[in-house]
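The values are calculated or read from the model by the stated rules, or taken from the named source; none is laboratory data. Bear in mind that the values here come from a model prediction, so they are computed numbers and not experimental data. Cβ sites come from the backbone with ideal geometry, for glycine too, and all protein chains shown count toward neighbours. Quick note on the areas: whole protein, heavy atoms, side chains included, nothing else; ligands and nucleic acids left out. Shrake-Rupley method; radii C 1.70, N 1.55, O 1.52, S 1.80 Å.
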Amino acid sequence: MDFATTPEQDALVETAARFADARLVPFYKQREREGRFDRPTLEEMGRLGFFGPELPDQHGGLGLDCVTAGLVLEALCAGDYNIGQLLVTISLAGTVLVRNGDPVVVSPWIREMLAGRALPAIGLTEPGGGSDAARLSVRAVRDGDEYVISGEKTSTTFVTQAAFAIVWARTGPPGGGAGGISTFLVPMDRPGIEIGEFEDMGGCAAGRGWMNLDSVRVPASHLIGPEGKGFTQVMQGFDYSRALIGLQCLAVARQSLKETWVSVGERSSFGKPLASHQGVSFPLAEAETQVHACRLMCLQTLWLKDRGLPHTAEAAMCKWWGPKLAFDVVQTCLLLHGHGGYSTELPFEQRLRDVLGLQIGDGTAQIMKLVSARNTAGRDAMSG
């Protein structure tokens, strides 16, 4: 594995970092108060190629590798964690649509999405299913040249800001397994869609809510791939997005560490800089070590994906360790800022609330450990 970055990668990451400093950092708290993203900023990000840079150029992407997409995401998330949530969702949605959809149908949506003009929502989780993504009750029934979709989705990020949703619904027999699930592109202006937003403790700019589909009709052309292949599509997509999520959270931890090293170097106690006390510097050194190790694992997972090599277990490791480690590191940084760190004037409390959400969303640590164990020991060894 080559750890060197190319001049092209460096230039794109530097552009993203400058954008984050100028356009994201100053408005991190404002976006939380408003509970949404401002569209001019998103459209500027689209013009700069920050959304889905790994997607093919024929759909409006840059055709870059997944490692580069991860590095760009890192640079932007250092300024605003919630922007990273949008980047991950766009990459997941784009990957599913490009790989499986009819180009005539999906390309216009992908182009609008990458331009920052059409936000996607991921309609997978249901109230009764939780982490069991194969246990879906939302139904899609073929009716001539249309499908009629009915049921409720929950814990759907961007649902109140989205132009379209990718919805997974059961087209096979009720109560069936993963083989009866299909994928649909559902425009959010279709009659029969009702949405609502939850009052969450973090991730407010992205928003999380529910979507009720009451006999919503979509053209049969909006079926993404063959019937019954939806579960495989989303699981393949998760192998990518889980590595991105790890980097998203770690970017917040790295930025918090950077700020804390400066703070403990400038403040003093007992006649010496705080950084000279091992009780201060050692926890930070330990955090730097763990963040560095987890980041390398996330980048290696993307490197494996770029080469078409198996990376399911590695992606699951990124997903459970990255968010937990980031939360622990941000908490350490908050404490080392003393009483100032406890105030809302500094960003640590918001970062804590934000990164906590991904210890639940997109697969809990328990599910990720199960995925990793099954890929290591074998599914038969884990059943009993």
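Go through region 295-322 residue by residue and tally those that are open to solvent by 60 Å² or more (accessible area, probe 1.4 Å) and not in a helix (DSSP H, G or I). Looking only at that region, the number is 4.
Are any of the residues in region 180-191 of a type in the set (Gly, Ala, Ser), closer than 19 Å to VAL106 by Cα and touching a residue at least 24 places away in the same chain (Cβ under 8 Å)? Yes: region 180-191 contains one or more residues that are of a type in the set (Gly, Ala, Ser), closer than 19 Å to VAL106 by Cα and touching a residue at least 24 places away in the same chain (Cβ under 8 Å).
Does GLY172 satisfy the criteria of being crowded, with 20+ Cβ neighbours inside 10 Å and modelled with pLDDT under 95? Here the answer is no, as GLY172 does not meet what is asked. Within region 229-279, restricting attention to residues that are in a helix (DSSP H, G or I) and among the basic types (Lys, Arg), the residue that is surrounded by the fewest Cβ atoms within 10 Å (Cβ to Cβ) is LYS258. Residue pairs whose Cβ atoms lie under 9 Å apart, separated by 6 or more positions or on different chains, with the first residue in region 138-151 and without any contact (Cβ under 8 Å) to a residue 40 or more places away in the chain and the second open to solvent by 50 Å² or more (accessible area, probe 1.4 Å) and in a loop (DSSP other than H, G, I, E, B), are ARG139/PRO174.
Working only within region 118-157, note down all residues that are more than 19 Å from VAL96 (Cα to Cα) and not in a strand (DSSP E or B). Scanning region 118-157 gives GLU126, PRO127, GLY128, GLY129, GLY130, SER131, ASP132, ARG135, SER137, VAL138, GLY144, ASP145. Taking first residues from region 272-292 that are closer than 12 Å to VAL329 by Cα and without any contact (Cβ under 8 Å) to a residue 40 or more places away in the chain and partners that are surrounded by 13 or more Cβ atoms within 10 Å (Cβ to Cβ) and not β-branched (Val, Ile, Thr), the Cβ contacts under 6 Å between residues at least 6 apart in sequence or on separate chains come to GLN290/LEU325. The number of residues in region 323-369 being part of a helix (DSSP H, G or I), over 15 Å from the mean Cα position of the chain (by Cα) and β-branched (Val, Ile, Thr) comes to 4. Of the set (1) over 26 Å from the mean Cα position of the chain (by Cα); (2) closer than 14 Å to TRP210 by Cβ, all apply to GLU152 but (1). Residue pairs whose Cβ atoms lie under 6 Å apart, sitting 6 or more positions apart in sequence or on different chains, and linking a residue in region 39-54 that is within 16 Å of SER91 (Cβ to Cβ) to a partner that is part of a loop (DSSP other than H, G, I, E, B) and open to solvent by 60 Å² or more (accessible area, probe 1.4 Å), are GLY49/LEU62; PRO53/LEU62; PRO53/LEU64; GLU54/LEU64. Among all residues of region 49-56, there is at least one that is surrounded by fewer than 23 Cβ atoms within 10 Å (Cβ to Cβ) and not aromatic (Phe, Trp, Tyr). Set side by side, the residues ALA285, ALA243, ALA251 differ, and just one is modelled with pLDDT of 95 or more and over 19 Å from VAL355 (Cα atoms), which is ALA285. The set of residues in region 323-368 being open to solvent by 50 Å² or more (accessible area, probe 1.4 Å), at negative phi and among the acidic types (Asp, Glu) consists of ASP328, GLU345.
Results for (1) within 21 Å of the chain's Cα centre (by Cα); (2) more than 26 Å from GLN300 (Cα to Cα); (3) among the charged types (D, E, K, R), shown as yes or no for each residue.
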site: PHE3; (1), (2), (3): no, no, no
site: THR6; (1), (2), (3): no, no, no
site: ARG31; (1), (2), (3): yes, yes, yes
site: GLN58; (1), (2), (3): no, yes, no
site: GLY61; (1), (2), (3): yes, no, no
site: ASP65; (1), (2), (3): yes, no, yes
site: GLY70; (1), (2), (3): yes, no, no
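In the condition set (1) open to solvent by 30 Å² or more (accessible area, probe 1.4 Å); (2) closer than 18 Å to PHE158 by Cβ; (3) touching a residue at least 60 places away in the same chain (Cβ under 8 Å), ASP80 is compliant with all but (1). In region 187-220, of all residues being closer than 30 Å to PRO323 by Cα and acidic (Asp, Glu), the one that is most open to solvent (accessible area, probe 1.4 Å) corresponds to GLU199.
The number of residues in region 126-149 that are on the phi < 0 side of the Ramachandran plot and at pLDDT below 95 comes to 11.
Residues in region 89-102 that are open to solvent by 10 Å² or more (accessible area, probe 1.4 Å) and under 26 Å from LYS29 (Cβ atoms): THR89 only.
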